[in-house]
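Structure first, commentary second.
The values are calculated or read from the model by the stated rules, or taken from the named source; none is laboratory data. Keep in mind it's a predicted model, so treat the numbers as computed, not measured. For neighbour counting, all protein chains shown are included, and Cβ atoms are generated from backbone atoms with ideal geometry for every residue, glycine included.
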There are 2 protein chains.
Amino acid sequence: MSQFRKLHGTEMDRLTVEHYCGSPKHPIILMLHNIRSMWNVGSMFRTADGAGIEKIILSGYTATPPRKEIDKTALGAQDTVAWEYHADPREALKSMKHNGVRICGLEIAEGSHPCADLTPSDFPICLIVGNEVDGLEEELLQLCDEVLEIPQYGTKHSLNVAVAAGIVLFELVQIYRRAM
Amino acid sequence: MSQFRKLHGTEMDRLTVEHYCGSPKHPIILMLHNIRSMWNVGSMFRTADGAGIEKIILSGYTATPPRKEIDKTALGAQDTVAWEYHADPREALKSMKHNGVRICGLEIAEGSHPCADLTPSDFPICLIVGNEVDGLEEELLQLCDEVLEIPQYGTKHSLNVAVAAGIVLFELVQIYRRAM
């Protein structure tokens, strides 16, 4: 007698593409600035779909769909997650700020703090992640309302950018849903 | 005047390899069973270092270090994180169970629940993640004490395995540290 049984895709109550596009999203925007690897971009599309966030903003030299390398790791999420591209992210950030979106960089910096400190009233949030090697540029860091970091306990100074974005996005979703 | 300043590696109080190997770890073991992609394996080594967990167990056809594809994404964590290989994971799981380790599969299954339900008294924990496409095998699922799932809100049925492992490992670390 089986204690646990894996669910088939059809049993998971997942949304169809049509329903997903029209369904309410968590008020979170993910900005990918100067991300070098298209596999990372695709992986973050897949994560954004799973976390049910509003939109992805691609900026700087981050590649945009359709690209076969993005599709390979996005597995269809490049068609379900809303996205837009801005060569220069500063105007988009200022406009979001003006509309009451809290701009949160993901970086280890003086004054950065774990996202567990946020509350549902801090949303809507735009989470900016930067380049795999150099992280977020100082100039963008200065446009942030807060800088979020993931407490770490090892010898390295960073996580893979798609892993880090996944950890923070799913934690933000949990925090937001406390108020639901 | 800069509000936020990025920290340099030397300012982050990260552990040296020597200190890391001798330092106390979070009582979490990550088992990677039948993982096809060596990039995913390497990425999970890097995550395991950052989360400060005890050990990685590689099993089935999961590749083991040293392999250049693993090194490429582990970025040195293959040398700092303790690991062992078991072709057949069942003996290792039974022995951990015997020693009071709670065996938690990561899968969407009947009876699975979010890891937010766990408490510090549920540790030590072994988290098992399975193949990128097929997930955890039924036979291993039946050896689990619990099955953990990540609540998802999109059209897909899964996240990239390294992203999913990162989300759960860092949540487990937060839960464990509540008792510290």
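Miscellaneous remarks
- Residue in region A:17-40 that is in a loop (DSSP other than H, G, I, E, B) and hydrophobic (A, V, I, L, M, F, W, C) present: yes
- For region A:69-102, filtered to residues that are of a type in the set (Ser, Thr, Tyr) and more than 17 Å from A:Ile35 (Cβ to Cβ), the residue that is surrounded by the most Cβ atoms within 10 Å (Cβ to Cβ) is A:Thr80.
- Enumeration of residues in region A:145-180 that are hydrophobic (A, V, I, L, M, F, W, C), closer than 26 Å to A:Trp39 by Cα and part of a helix (DSSP H, G or I): A:Val161, A:Ala162, A:Val163, A:Ala164, A:Ala165, A:Ile167, A:Val168, A:Leu169, A:Phe170, A:Leu172, A:Val173
- Test: residue in region A:35-50 that is modelled with pLDDT under 95 and not charged (D, E, K, R): no
- Filtering region A:28-68 to residues that are without any contact (Cβ under 8 Å) to a residue 40 or more places away in the chain and among the acidic types (Asp, Glu) leaves only A:Asp49.
- Any hit, region B:56-65, residues being surrounded by fewer than 14 Cβ atoms within 10 Å (Cβ to Cβ) and at negative phi: yes
- Exclusive hit being closer than 21 Å to B:Ile150 by Cβ, in contact with a Pro (Cβ under 7 Å, 6 or more places away or on another chain) and of a type in the set (A, V, I, L, M, F, W, C), set A:Phe45, A:Phe123: A:Phe123
- Matching residues, region A:124-144, being of a type in the set (S, T, N, Q) and either at the interface with chain B (Cβ under 7 Å from one of its Cβ atoms) or part of a helix (DSSP H, G or I) (or both): A:Gln142
- Residue count, region A:70-114 (criterion: within 13 Å of chain B (Cβ to nearest Cβ), among the charged types (D, E, K, R) and not in a strand (DSSP E or B)): 3
- Condition met for B:Leu15 (within 11 Å of another protein chain (Cβ to nearest Cβ), surrounded by 13 or more Cβ atoms within 10 Å (Cβ to Cβ), over 30 Å from B:Thr119 (Cα atoms) and among the hydrophobic types (A, V, I, L, M, F, W, C)): no
- Flag if A:Asp117 is in contact with a Lys or Arg (Cβ under 6 Å, 6 or more places away or on another chain) and either under 27 Å from B:Cys115 (Cβ atoms) or not aliphatic (A, V, I, L, M) (or both): no
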